[in-house]
1. So if I check each of Glu5, Glu62, which one is assigned by TED's automatic domain parsing to the domain that holds Thr284 and either outside any loop (DSSP other than H, G, I, E, B) or modelled with pLDDT of 95 or more (or both)?
2. Only one residue in Arg71, Arg33 is under 24 Å from the mean Cα position of the chain (by Cα) and within 16 Å of the ligand (Cβ to nearest atom). Which one?
3. Please pick out the residue among Val99, Val140 that is more than 11 Å from the ligand (Cβ to nearest atom) and in a helix (DSSP H, G or I).
4. So which helices (runs of 4 or more DSSP H) are wholly in segment 306-410 and hold at least 3 residues that are within 27 Å of Gly169 (Cα to Cα)?
5. Select from segment 74-96 the residues that are assigned to a helix (DSSP H, G or I) and among the hydroxyl-bearing types (Ser, Thr, Tyr) and write down the one among them that is farthest from the ligand (Cβ to nearest atom).
6. From Val385, Val357, Val348, which residue is crowded, with 24+ Cβ neighbours inside 10 Å and within 16 Å of the ligand (Cβ to nearest atom)?
7. In segment 102-123, how many are under 21 Å from the mean Cα position of the chain (by Cα) and more than 16 Å from the ligand (Cβ to nearest atom)?
Amino acid sequence: TVDIETNPYKAQFPLFQQHPEIAFLDSAATAQRPACVLDAERDFYQRMNANPLRGLYSLSVEATEAIAKVRQQIADLIGAPQANEVVFTRNTSESLNLVAKSFAPTVLEPGDEVVITIMEHHSNLIPWQQVCRKTGAKLVYLYPTKTGQLTTEEVLAKVGPKTKILAVGQVSNVLGVENPVKNLGKLVHKYGGYLVVDGAQSLPHMPVDVADLGADFFAFSAHKAMGPMGIGVLWGKMDLLNAMPPVLTGGEMIDSVTEQDAVWAPVPEKFEAGTQDAAGIFATGAALDYLVNTVGYENIQAREQALVHYLMGELMQLDFVQIIGSIYWDNHHGVVSFNVKGIHPHDVASIMDMDGVCIRAGHHCAQPLLTWLGVENLACCRASVAFYNDKADIDKFVAGLHHVWSTFNG
Ligand code: PMP
């Protein structure tokens, strides 16, 4: 059993030191950063600032090596066979766009199908709408049960010989459910298609092994995993990345250039045009090291599960709260969406803010899901936890909900 009353982590986060009064329950939007990550960003500029790849002097070489080291670290973390399969982008959205804009047109023909779920974040939905429109492929949706479970019948009815790409979020940012990615991968591969995994909400909370998942591409953002904003990762299988054209062109991504032509640099540089956020990449290394080696996935999972268990238990006792998705706490990976009866989510979040409780309210970049679920106003509230939360945060949140209810019904 995990003691969620004591919290050894908050002291490591400068923001919580600055704002001891807040209960931060919006880590699914972006996580807080520990001091070691802020230090790393500064350390880069203070100790090794130079443009990586360009210089032959030792400072630039050091910067280049620092980035290479983080690439290797990420490859090791996600079980990628080669460090060069790790492409740096700005965020998950850019990573998924890269797959949809570069890879997808090379395999899609009119009549082919791209399969996604109705619970996808817009980042894993709009790029597919776009490429389907361009190529004449059809965008097909998997609809889970109202509690977020993808049934075998639904999957078998939708995934078949026409499926060229199946793109799925490993964990939903609204329902908090984990999708059966491994099984989906096996099925789509049986038909010769490819599996794209949106790992934005999974990698910060659970160990990921791309080989075990059977993924062909895997995307995530550093900022949800204690790292800086503006750094994303796309991992892809080397043979697929090799065959893909670049989307952005210019400096750093070429081997040689003549007046009328250019030869691309090898993967991953081919996809990394221009000067990268080297300090951000360096700090991402510090963030993932903190996440995996200082805190550790085992602790993260045990603590987040205990927090969600407690949170769901409290919510279930409030008859004015409607939980969206499963009522079972173990179907929620750090994320619980809900509405307060008759009160607009924006009002809920604003009143909670007065009490120092940070939750998200809105459509959560998943409008088709909220439409399909029939959620009023296409908006809901979302509380999401990370290992640095504690029982006091949740107690504050529950007190905030009572405050909301009494404000409107007092
Ligand atoms: N996919 C999922 C499941 C997400 O939760 C998010 C972020 N809310 C994204 C993609 C997009 O991430 P980013 O904004 O970092 O591109």
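1. It is Glu62.
2. Arg33
3. Answer to the selection: Val99.
4. Filter on segment 306-410 gives 345-354, 367-373.
5. Only one residue fits best here, namely Ser95.
6. Every option except Val385 fails the conditions.
7. Of the residues in that region, 5 qualify.
Yes/no per residue for (1) surrounded by fewer than 21 Cβ atoms within 10 Å (Cβ to Cβ); (2) within 22 Å of Pro207 (Cβ to Cβ); (3) assigned by TED's automatic domain parsing to the domain that holds Leu241; (4) of a type in the set (Gly, Ala, Ser):
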{"site": "Leu15", "(1), (2), (3), (4)": "yes, no, no, no"}
{"site": "Thr30", "(1), (2), (3), (4)": "yes, yes, no, no"}
{"site": "Asp43", "(1), (2), (3), (4)": "yes, no, yes, no"}
{"site": "Pro52", "(1), (2), (3), (4)": "no, no, yes, no"}
{"site": "Tyr57", "(1), (2), (3), (4)": "yes, no, yes, no"}
{"site": "Ser95", "(1), (2), (3), (4)": "no, yes, yes, yes"}
{"site": "Val99", "(1), (2), (3), (4)": "no, no, yes, no"}
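The values are calculated or read from the model by the stated rules, or taken from the named source; none is laboratory data. Given the structure is predicted, the values throughout are model-derived calculations rather than measurements. Every residue, glycine among them, receives a Cβ derived from its backbone with ideal geometry; neighbour counts consider all protein chains shown.
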